[in-house]
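Data block below; observations after.
Every number in this text was worked out from the coordinates using simple rules, so none of it is lab data. None of these values were measured; they are calculated from a predicted model. No Cβ is skipped: glycine too gets one built from the backbone with ideal geometry, and neighbour counts run over all protein chains shown.
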Amino acid sequence: MARAHSVQRKTATTVACWLVGLVIFFPILWMAITSFKTELEAVNIPPSFLAFDWTIENYEIVQERSNYLRFVGNSILLAVGSTLVGLLFAIPAAWAMAFAPGKRTKDLLLWMLSTKMMPPVGALIPIYLLFRDFGLLDSRGGLIAVLFLLNLPILIWMLFTYFKEIPGEILEAARMDGATLWREIVYVLTPMAIPGIASTVLLNIILAWNEAFWTLNLTTSDAAPLTVFIASYSSPEGLFWAKLSAASTLAIAPILVLGWFSQKQLVRGLTFGAVK
Amino acid sequence: MGRIQLKGVRKAFGEVIIIPSIDLDIGDGEFVVFVGPSGCGKSTLLRLIAGLEDVTGGHIEIDGVDMTNVPPAKRGLSMVFQSYALYPHMSVRNNIAFGLKMAGQAPDVIKQKVEKAAATLNLSSYLDRKPRQLSGGQRQRVAIGRAIVREPKAFLFDEPLSNLDAALRVQMRIEVTRLQKQLGTTAIYVTHDQVEAMTMADKIVVLNGGKIEQYGSPLQLYEKPANLFVAGFIGSPKMNFVTGELARQQGAATIGVRPEHLKIERDGTGGWQGTIAVAEHLGSDTFLYVDAGPLGMLTARYIGELSLHAGDHVSLVPEPARIHRFDESGNALRG
């Protein structure tokens, strides 16, 4: 009786989980399906789910109209570049906060996080003007700087949480062994924190990859990443749902693959330290 | 060489004073144990010597050179931590070699030194393992290997054996003592276990509330405790203390007698009368916890087996020459 009950429960839970998963995934699935429709079928009411003439012409047109690979290149450069620059600052910062905290460290951490609560549009005009005056508009360097600063609080927070878990005595042992501060961070702290750093890097790459507000406002062509590529399909001539879907599918494909292969790391990273 | 001198060393964390002022002179090659109850400042004192904490005042000299503001890496000391603090991502070999690598020694010299240290500590067959693949005792040995391989001026041990089980602790205690004598390197060893202190030390520093209560050889501390605190802390089981009329007759505020210096007499009439509350028979020793009425609970130790049991009446006769006398402020009275 109890056994049957528990099997029932398990089945119900599984079904519920799949339902929730499908609801969350549905827009992405719908987008992928739409990308294989003609423009006419894409706006048909009632929409057809699978029974339509599958076509890849949208992908061909998208590829003809714009150089997809250039956008991908920019996206990779911006996401990876801003993450690497971020690490360079975030690792020492997180080290200091975790192992040599001052009286105001907690306040500092909260203040950093609070900057993420401000709507980015509030900073758009000053940053735009700075970019214009320094000739950074539509430059990869400028955008890397913005993305890096944007995500730095999250990088520091995540690394801080990981570093807190590392026993301070091990770093003290390195110090007693004659390691300078730099060597202590490079040879002892960083290798020990590799799992944490890896998931922080992954999350940061995803955040930077998907960042649309700043990339749309600060670039036009040279430094434009995939977000701009997608946005270009909602043009003044009207919305082209099928082509927009094809472009979006192409844009999220790389990050989807990356996410798929690293989901274990990501989940571990996001819940790290939640349970001792 | 490894002479360590503390001159008026003071440590405070904000408003809280951990160590008011300590002067101490540790000679080259000595094995000195800091012992005291938890929170007495012994670990802090060790960390001050290591340089892992900054002093609030005073000076620390190593071989006559002022090292007060020198970073830990440059003091030429090595430390063994309570948690072992091995580098989990490195093999045993690299753990031991790390300090030598940091010092920029040649790879062949490092290899030779690591293997020598490993042989000394019976670690040769574990060199390529990671710390997580070792037992507690082996990890502790790696931590010691890491300390000795650098040929430091002094070893600092911070309760290194407290994570080991009792049997292993005794074995490691002997190994550490032997190793220190063999190398002739100065060692400072922090423990809260007075048996470890008595067995390992050339000299013991008894700390309480950040102050040195007494500094001397184990037997000096046992035979001539400077005050009530040292008398009660050193020796196991604890010394018996008696106050009141009996103490006043001896010209003291408190008198103390160690359990092993009480002669146990069945149905005796002299000495201190009482009833056995608990009797512990270890074969090698017999411990009696005696309820002596107005004198309180007294502990007596008999070497060998004594067939006495709870409820039996005994009298305890202190050896006159072994009675310690203390004045009102707890300091020992001599003569």
Practice task
Taking DSSP loops as anything outside H, G, I, E and B, show the longest stretch in chain B free of GluC sites (Glu not before Pro) there with at most 15 other beta carbons within 10 Å.
Solution key: B:16-304
Problem - Shape of region A:2-57, Cα gyration tensor, a/c cut at 1.5 - result: prolate
Problem - Nearest-0.05 FRET efficiency for residue B:109 and residue B:1, computed from C-beta distance (R0 30 Å) - result: 0.85
Fill in the blank from the handout: Shape descriptors of the protein assembly as shown over alpha-carbon atoms, Rg and Dmax in angstrom, are 35.7, 117
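For the protein assembly as shown, what is the charge dipole size about the Cα centre, in debye to the nearest 20, if Lys and Arg each add +1 at the Cβ and Asp and Glu each add -1 at the Cβ? Please report the intermediate quantities before stating the final value.
Values: 56 positive and 52 negative charges, 108 e Å.
Magnitude of the dipole: close to 520 debye.
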Handout entry: chain B, dipole about Cα centre (Lys/Arg Cβ +1, Asp/Glu Cβ -1), debye to the nearest 20
Key = 1340
Exercise for the section: Only Lys, Arg, Asp and Glu count, each charged at its Cβ (+1, +1, -1, -1), so figure out the dipole size of region B:241-333 about its Cα centre, rounded to 20 debye. Expected result: 220
Exercise for the section: May I ask what percent, to the nearest 5, of DSSP beta bridges between residues of the protein assembly as shown are antiparallel? Expected result: 75
Practice task
Positive end of the charge dipole of chain B (Lys, Arg +1 and Asp, Glu -1 on Cβ, about the Cα centre): tell me which of B:67, B:142, B:109 has its Cα farthest that way.
Solution key: B:109
Exercise for the section: At 0.36 nm per residue, minus the direct Cα-Cα distance, what do residue A:258 and residue A:124 gain on full extension? Give it in nm, one decimal, please. Expected result: 45.2 nm
Completion exercise
In deg cm²/dmol, rounded to the nearest 500, the helical mean residue ellipticity at 222 nm of chain A, built from -39500 (n - 2.57) for every DSSP H run of length 4 or more, is -22500 deg cm²/dmol
Practice task
Could you work out which residue, out of B:192, B:89, B:261, moves most in a Gaussian network model of chain B, that is, has the largest mean-square fluctuation with Cα springs under 10 Å?
Solution key: B:89
Handout entry: Among A:103, A:243, A:37: highest mean-square fluctuation, GNM of chain A, C-alpha pairs under 10 Å
Key = A:103
Fill in the blank from the handout: Length gained if residue B:319 through residue B:183 is fully extended, taking 0.36 nm per residue and subtracting the Cα-Cα distance, is 44.8 nm
Completion exercise
Summing -39500 (n - 2.57) over every DSSP H run of at least 4 residues in chain B and dividing by its residue count gives a helix-only mean residue ellipticity at 222 nm, to the nearest 500 deg cm²/dmol, of -8000 deg cm²/dmol
Handout entry: FRET efficiency estimate (nearest 0.05) - Cβ-Cβ, residue B:329 to residue B:278, R0 35 angstrom
Key = 0.60
Practice task
Two decimals is fine: what's Rg over Rh for region B:265-306, C-alpha atoms, Kirkwood radius as Rh?
Solution key: 0.98
Handout entry: Descending Cα extents along the principal axes, region B:4-232, whole Å
Key = 51, 39, 30
Handout entry: Distance between region A:40-89 and region A:139-167 - C-alpha centres, whole angstrom
Key = 27
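Does region B:216-335 come out rounded, prolate or oblate by the C-alpha gyration tensor, with a ≥ b ≥ c the root eigenvalues, rounded set by a/c under 1.5 and, if not, prolate when a/b is larger than b/c and oblate if not?
On the way: a/c = 2.25, a/b = 1.43, b/c = 1.57.
It comes out oblate by the Cα gyration axes.
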Handout entry: Label-point gap, in nm, between residue A:134 and residue B:174 - each point 7 angstrom along Cα→Cβ
Key = 6.9
Handout entry: Simple spin-label estimate for residue A:68 and residue B:128 in nanometres, 7 Å along Cα-Cβ
Key = 4.8
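Is chain A best put as rounded, prolate or oblate by its Cα gyration tensor, with a ≥ b ≥ c the root eigenvalues, rounded for a/c under 1.5, and otherwise prolate when a/b is larger than b/c, oblate when not?
In terms of gyration-tensor shape, oblate.
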Problem - Antiparallel bridges, percent of DSSP beta bridges restricted to region B:4-232 (to nearest 5) - result: 50
Handout entry: Model label zone, residue A:60; criterion: amide N under 15 Å from point 7 Å along Cα-to-beta-carbon; scope region A:18-51
Key = A:36-39
